[in-house]
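Only one structure is covered here, and it is reproduced in the block below.
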Amino acid sequence: MTITTATPASPADRQGGPHRAVLPVVMLALATVVAAVASLNVALPSIARDTHADQTQLSWIIDAYALPFAALLLLGGAIGDRYGRRRALIVGLAVFGAGSLAAMTVSDPGWLIAMRAVLGAGAALVMPATLSTITATFPPEQRSRAVGAWAGVAGASALLGVLASGLLLEVWSWRSVFGLNVVLALVALAATLRVIPESADPGAGRLDVIGALLTVAGLGVAVYSIIEAPTEGWSSPRTLIGIAAGVVILVGFVLWELRHPNPLLDPRLFAHRAFTAGTLSITLQFFAFFGFIFLLLQYLQLVRGDGPLVAAVSLIPMSLTIMPAARVVAPRMTSRLGARPVVVLGLTLVTAGLLVLSRLDADSGYWLLLAGLLPLGAGMGLAMTPATTAITDALPAAKQGVGSATNDLARELGGALGIAVLGSILQSTYRDHLHPAGLPAPLAESARSSLALATRLGPAVARQAETAFVDGMRTALTCAAIVVAAAAVAVGILLRPAPARDDAHEAAEAAHDQRSPHPASS
């Protein structure tokens, strides 16, 4: 298959001009939707106070964006392949901007959760189109550095969104965070209309709508059960049945994809060890990353008493290490050493950073926080670029929309699960460790539902609640470190050098894949 573009570039053009415009535009669109995953985290304390949202609702306010974002990414990538990646960018940015504008008008947690879901649906069209536009537009000799820039922006823009939100919250309310979304979406939309060439797969088959519905249903049921577990009980029938039902639906999705002639994601792709390793690495490092941001920004504001801007600025050192590690260090190290040691080193640094951060308590100084942020940021940057390249290199150019969506799915699914799982561990420990004495039952339950509400019930209750919150955060971060350490071991095994005959066999398979309209189904 070939890529068709509305404005094909000449060989001379491919060396210069168009790329200078295309890359910053797709990076702006990417930053717009990725920043929204984390930017609202800094506003959670004020949202809790203004809307009386409890800790479970706060988790949903964040995950209502991340979950549809993840669940619809494969469909979004397929839509871009079939109907055009430029069109997908335009529609996605329009939906994202309109949803953000509507979110500025609501004051009820339920409506805020619903509007965040609309934003997530728009983002699912935007994100796969950004990476697939790069891989379809840039020649092979420039693609690695462009993908490195993409990976760096994807990692750092979440923290830049937090910083921008912190600045806005010093002057305006949490609604201004959605106002920033509107402005960014409009600028990115105008630039896309002016600069981005159209590209599509003219041989794309019918959209796999049933596969998309199974993805949404499976992930939705599983994540809902995880987020509600602290309230319902981890061993309750409702929680166990919900998680089991989500797993069964996702198994059904795999079986359906194996039979479908135009699958959203062919499970046979995971027979390629590098593809599996890249997907696993991206999923679990973002599981830890977004879960960590969700926890830490509440800790900084509700336990340490920092303002929104101070809390956001506190994370800058991590952002400053992600971009150079992803853009410069990782590509150079990978070209010299190969992907395996670079990814494993990155995941090891992330593990070390999380273990340091798990030692934070209510009285910790900033130096302990900094000692965890630096290796965490450097590790994220090192691990992202080679893992992303492994995923995108597994597919030919005509299928880059689905390949890009797979990479994006790994990121956003990891983030959604990280927020759900680590948030639930935090909330479960918080509820178990907080037993305020002398309060009427309704007030005691209010204190156990949210630290933001507990701080309004007097100094004694507030201090107990802060201690319980820190206990929950430390437990959650320790669990995150264990998960990432396990990922480092698994990736090291998957990327181990193969015997010569296996290399030849995989090369023959790759050559066949390049000729096949459905490369992963052979």
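Things worth noting here:
- Some residue of segment 331-349 being open to solvent by less than 60 Å² (accessible area, probe 1.4 Å), under 30 Å from Glu466 (Cβ atoms) and in a helix (DSSP H, G or I): yes
- Filter pass, Ala70 being open to solvent by less than 10 Å² (accessible area, probe 1.4 Å) and either farther than 30 Å from Glu198 by Cα or touching an Asp or Glu at 6+ places or on another chain (Cβ under 6 Å) (or both): yes
- Taking the listed residues Ile61, Ile90, Ile79, the one that is modelled with pLDDT under 90, part of a helix (DSSP H, G or I), among the β-branched types (Val, Ile, Thr) and farther than 25 Å from Gly291 by Cβ is Ile79, with no other qualifying.
- Annotation: Ala444 fulfils all but one of (1) of a type in the set (A, V, I, L, M); (2) out of contact with any helix residue (DSSP H, G or I) (no Cβ under 6 Å at 6 or more places or on another chain); (3) open to solvent by 40 Å² or more (accessible area, probe 1.4 Å); the unmet one is (3).
- Hits in segment 295-316 - residues which are within 17 Å of Leu368 (Cβ to Cβ), open to solvent by 20 Å² or more (accessible area, probe 1.4 Å) and touching a residue at least 40 places away in the same chain (Cβ under 8 Å): Arg304, Val310, Val313, Ile316
- Restricted to segment 190-245, and to residues there that are open to solvent by less than 50 Å² (accessible area, probe 1.4 Å) and hydroxyl-bearing (Ser, Thr, Tyr), the residue that is farthest from Pro261 (Cα to Cα) is Ser236.
- Segment 335-365, residues that are in contact with a Ser or Thr (Cβ under 7 Å, 6 or more places away or on another chain) and farther than 18 Å from Gly291 by Cα: Val342, Val343, Ala362
- In the set (1) closer than 24 Å to Asp63 by Cα; (2) part of a helix (DSSP H, G or I); (3) touching a Ser or Thr at 6+ places or on another chain (Cβ under 7 Å), the condition left unmet by Ser107 is number (2).
- Residue within segment 113-136 that is surrounded by fewer than 24 Cβ atoms within 10 Å (Cβ to Cβ) and basic (Lys, Arg) present: no
- When residues in segment 333-369 are screened for being within 19 Å of Ala277 (Cα to Cα) and not hydrophobic (A, V, I, L, M, F, W, C), 8 of them pass.
- Thr276 vs. criteria open to solvent by 10 Å² or more (accessible area, probe 1.4 Å), of a type in the set (S, T, N, Q) and closer than 19 Å to Val37 by Cα: no
- One residue alone among Arg474, Arg456, Arg448, Arg463 is at pLDDT 90 or above and closer than 26 Å to Ile47 by Cβ, and that residue is Arg474.
The values are calculated or read from the model by the stated rules, or taken from the named source; none is laboratory data. Here the structure is a predicted model, which means the values were calculated and not measured. Cβ sites come from the backbone with ideal geometry, for glycine too, and all protein chains shown count toward neighbours. With ligands, DNA and RNA removed, areas are computed over all heavy atoms of the protein, side chains included. Shrake-Rupley method; radii C 1.70, N 1.55, O 1.52, S 1.80 Å.
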